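A.B. asks: Have a look at the structure that comes next, please.
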Amino acid sequence: MGKTLFDKVWDSHVVDSISDGPDILFIDRHLVHEVTSPVAFLNLKRKGVQVLYPNKTFATADHNTPTINQHLPVQEKQSAMQLKMLEENARTHGIPYWGLGHRKNGIVHVIGPENGITLPGATIVCGDSHTSTHGAFGAVAFGIGTSEVEMVLATQSILQPKPKKMRIHVHGELPPSVLAKDVALYIISQITTSGATGHFVEYTGDVFKNLTMEGRMTVCNLSIEMGARGGMMAPDEKTFQYIKHREYTPYGEDWHRAMEYWQTLYTDHDAVFDREINLYAEDIEPMVTYGTNPGMGIGISKTIPKASEVCGSQQAFKKSLDYMGYQEGEPMLGKKIDYVFLGSCTNGRIEDFRAFANVVKGKKKSEDVHVWLVPGSHHVLTQIKSEGIFQNLIDSGFEVREPGCSACLAMNDDKIPAGKYAVSTSNRNFEGRQGPGARTILASPIVAAAAAVTGRVTDPRTLN
Amino acid sequence: MAYEAFHVLESTAVPLPIENVDTDQIIPARFLKATERIGFGENLFRDWRYHQDDTPKKDFILNNPTYRGKILVGGKNFGSGSSREHAAWAIYDYGFRCVVSSFFADIFKNNAMNIGILPIVVSPEFLSAIFSAIESSPQTRFKIDLPNQIFTILDSNQSQSFDINSYKKNNLLNGFDDIDFLVDKREEIVNFAFDRPF
Ligand code: SF4
């Protein structure tokens, strides 16, 4: 029997299998940030254990960093402490650290691909669930907890049971104005936030093939919101072109050697998945969420479902709508918005800024909304400036901030106030995710752009 | 970090019959700023437990002295969302040793076992039976027998067996952690790493 893409990558990293237990999985690349690493480093210190391969771990500051005045000392004491500890830990162990202001600094899942750390056929982990992003390159990438961060630092390995395999195939071609984000939100709305739990997803079909690498990253990023351990796509010419000549990408002889391996990375025609899902691109329109988990999404022109129509607990559904201040059966179009957030590892890449800028071009920011445009990295910020998008945005009344996770999880000052509504290009609309009491509507960069100029939930297709 | 070994646990339980309890609810992001593992129990379910002025919300289960115990019983898809191990720390530090649900999110389940919490998956019907038992009497006691992998509602003697792989079971029974196991394998790992393409 043939192997799936996932099998090929996973199996080639198994150092040993424990009978009736997990596999010892070798990790090629490890990314760390200030929030989930301090306790791991502290435990290593207590045990007197050294980092085994410091050159396979990369550290950045992103989760609790400010998005303005990054050249000044970080005001908030605990955040400053976490940043200082990361810097010290990195220095002690010889791990490359890209702190605030460094030209390679940015959100951990944005800088990995930008610097060629993310490679096809690699195993990549990070103490952050959206590590699934790197699956866009044909890597097996997944989020881990702090104990596991400690394991990887100490041994470059992790103990993991091998997940089951699931294929999500989207047939056909995407309608105009439907972006990668919409595809992912649509999938989650169909299979729910636990629909892929226990599985590793492979995305197949022309829809994904035709996406840019940025779009593929957006889809894989949201795999975790379906409950999946991770998601991946087979590498192709587009992938190889993207990674070529990046700083940490192998070159010369090593490139050719790696390429031999990369070219074997596809699912064999006789491979078997534990589950298969088929969906149709023509059914997808720009999506918005109306509730408090990413599975509560609908096409922007649709109405909020009635409690009687949803599967799962009606009580949970009502609690969720109460939190949002919405009623069942209402349309989402026209709902008033207070904040717009463009950014995060889901939609903080250059393509997302291009898409946003394209919609707002020649229009003015609505005076009723606060808009935070936060690039995913310094590299993205530089691109925004060099492409002239920056000037367009300024002309329309927007400002562009400095990179970081920002309002995606609101650990810094970028918090949506209680009761206020935000259209956000991030990945989670959980209660309080963007600040205590904040109400989040997840959407694509162009739906965010339409909200930014109208102050309401607006269909970008009807905006003129 | 070492934890207390887990054998047989008898306790009352705290019911939280809510689906999709995500780790942002278990411990909101603003409490992830510590550089040591201290004080997480205090902020367990912070925004469900306290008003914004820090006064307790009377109707939240953890603020109701009737419900106590070392077992937390959650609704389906418990622990979804963020990979923060702090969620498991908060549950452990508050005093729970076991979380029961009909379905757990993957990362939470791993994190829980890695720090000495036993996540037990029961059938949806059995989960309802547990909730009803607590509802009719909050003093209902439960027994978790890890060596035999059996969960029992003591008052009614209903029981169900649960799955756990023998490696993890052995760790929990002895309070071992994975890191020590892996550190012993470093040589094997280094040999394996020798010939990687990148
Ligand atoms: S942007 Fe959000 S989801 Fe992405 S790494 Fe940062 S906090 Fe995690």
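One line per residue, one yes/no per condition, for (1) open to solvent by less than 50 Å² (accessible area, probe 1.4 Å); (2) touching a residue at least 40 places away in the same chain (Cβ under 8 Å); (3) in contact with a Cys (Cβ under 6 Å, 6 or more places away or on another chain); (4) more than 15 Å from the ligand (Cβ to nearest atom):
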| position | (1), (2), (3), (4) |
| --- | --- |
| A:Ser37 | yes, yes, no, no |
| A:Leu42 | yes, no, no, yes |
| A:Arg46 | no, no, no, yes |
| A:Gln50 | no, yes, no, yes |
| A:Thr57 | yes, yes, no, yes |
| A:His63 | yes, yes, yes, no |
| A:Leu72 | no, no, no, yes |
| A:Gln75 | no, no, no, yes |
| A:Gln82 | yes, yes, no, no |
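A.B. asks: Just one of the numbered conditions (1) buried (at least 18 other Cβ atoms within 10 Å of the Cβ); (2) part of a loop (DSSP other than H, G, I, E, B) is not true of A:Phe317; which one?
C.D. replies: (2)
A.B. asks: A follow-up question, please. So B:Ile71 ticks every box in (1) open to solvent by 40 Å² or more (accessible area, probe 1.4 Å); (2) in contact with a Cys (Cβ under 6 Å, 6 or more places away or on another chain) but one. Which box is left unticked?
C.D. replies: It fails just one condition, (1).
A.B. asks: Here are some conditions: (1) within 13 Å of another protein chain (Cβ to nearest Cβ); (2) open to solvent by less than 10 Å² (accessible area, probe 1.4 Å); (3) within 16 Å of the ligand (Cβ to nearest atom). A:Val110 meets all but one. Which one does it not meet?
C.D. replies: Answer for A:Val110: the failing condition is (1).
A.B. asks: When the residues of segment A:113-132 are filtered to those that are open to solvent by 10 Å² or more (accessible area, probe 1.4 Å) and either in contact with a helix residue (DSSP H, G or I) (Cβ under 7 Å, 6 or more places away or on another chain) or among the small types (Gly, Ala, Ser) (or both), which remaining residue is nearest to the ligand (Cβ to nearest atom)?
C.D. replies: A:Asp128
A.B. asks: Follow-up. Of all residues in segment A:15-24 being surrounded by fewer than 24 Cβ atoms within 10 Å (Cβ to Cβ) and of a type in the set (A, V, I, L, M), which is farthest from the chain's Cα centre (by Cα)?
C.D. replies: Top of the filtered list is A:Ile18.
A.B. asks: Still on this structure, please answer the following. Could you list, in sequence order, the residues of segment A:426-442 that are outside any strand (DSSP E or B) and touching a Leu at 6+ places or on another chain (Cβ under 8 Å)?
C.D. replies: A:Ser426, A:Asn427, A:Arg428, A:Asn429, A:Arg433, A:Gln434
A.B. asks: Of all residues in segment A:384-425, which are away from chain B (no Cβ under 12 Å), assigned to a loop (DSSP other than H, G, I, E, B) and within 12 Å of the ligand (Cβ to nearest atom)?
C.D. replies: Scanning segment A:384-425 gives A:Pro403, A:Gly404, A:Thr425.
A.B. asks: Go through segment B:178-198 residue by residue and tally those that are at the interface with chain A (Cβ under 7 Å from one of its Cβ atoms), in a helix (DSSP H, G or I) and out of contact with any Ser or Thr (no Cβ under 8 Å at 6 or more places or on another chain).
C.D. replies: Residues that pass the stated criteria total 3.
A.B. asks: Separate question: Test of understanding: among A:Val74, A:Val39, A:Val49, A:Val35, which residue is of a type outside the set (Ser, Thr, Tyr) and more than 9 Å from chain B (Cβ to nearest Cβ)?
C.D. replies: None of the others qualify; the one that does is A:Val74.
A.B. asks: Conditions first: (1) over 30 Å from A:Asp270 (Cα atoms); (2) part of a loop (DSSP other than H, G, I, E, B); (3) hydrophobic (A, V, I, L, M, F, W, C). A:Leu44 passes all but one, so which condition is the exception?
C.D. replies: That leaves (2) as the condition not met.
A.B. asks: Quick one: in segment A:143-175, which of the residues that are within 12 Å of chain B (Cβ to nearest Cβ) and more than 17 Å from A:Val15 (Cβ to Cβ) is farthest from the ligand (Cβ to nearest atom)?
C.D. replies: Once the filter is applied, the top-ranked residue is A:Lys164.
A.B. asks: Now for a different question. Is it true that A:Gly135 is assigned to a loop (DSSP other than H, G, I, E, B), in contact with a Ser or Thr (Cβ under 9 Å, 6 or more places away or on another chain) and open to solvent by less than 10 Å² (accessible area, probe 1.4 Å)?
C.D. replies: no
A.B. asks: Got a sec? Which of A:Glu202, A:Glu253, A:Glu225, A:Glu276 is over 23 Å from B:Asp106 (Cβ atoms) and either open to solvent by less than 60 Å² (accessible area, probe 1.4 Å) or more than 22 Å from the chain's Cα centre (by Cα) (or both)?
C.D. replies: That would be A:Glu253, the only listed residue that is over 23 Å from B:Asp106 (Cβ atoms) and either open to solvent by less than 60 Å² (accessible area, probe 1.4 Å) or more than 22 Å from the chain's Cα centre (by Cα) (or both).
A.B. asks: Output the number of residues of segment A:256-273 satisfying the condition of being touching a Gly at 6+ places or on another chain (Cβ under 6 Å) and open to solvent by less than 60 Å² (accessible area, probe 1.4 Å).
C.D. replies: 5
A.B. asks: Among the numbered criteria (1) in contact with an Asp or Glu (Cβ under 6 Å, 6 or more places away or on another chain); (2) closer than 21 Å to A:Ser129 by Cα, which one does A:Lys420 miss?
C.D. replies: (2)
A.B. asks: Residues to consider are A:Ala154, A:Ala180, A:Ala184; find the one that is at pLDDT 95 or above, of a type in the set (Gly, Ala, Ser) and over 19 Å from the mean Cα position of the chain (by Cα).
C.D. replies: The unique qualifying residue is A:Ala154.
The values are calculated or read from the model by the stated rules, or taken from the named source; none is laboratory data. Please read these numbers as outputs of a predicted model, since none were measured by experiment. Heads up, the Cβs are rebuilt from the backbone with ideal geometry, glycines too, and the neighbour counts pull from every protein chain shown. Surface areas here come from the heavy atoms of the whole protein model, side chains and all, with no ligands, DNA or RNA. Shrake-Rupley method; radii C 1.70, N 1.55, O 1.52, S 1.80 Å.
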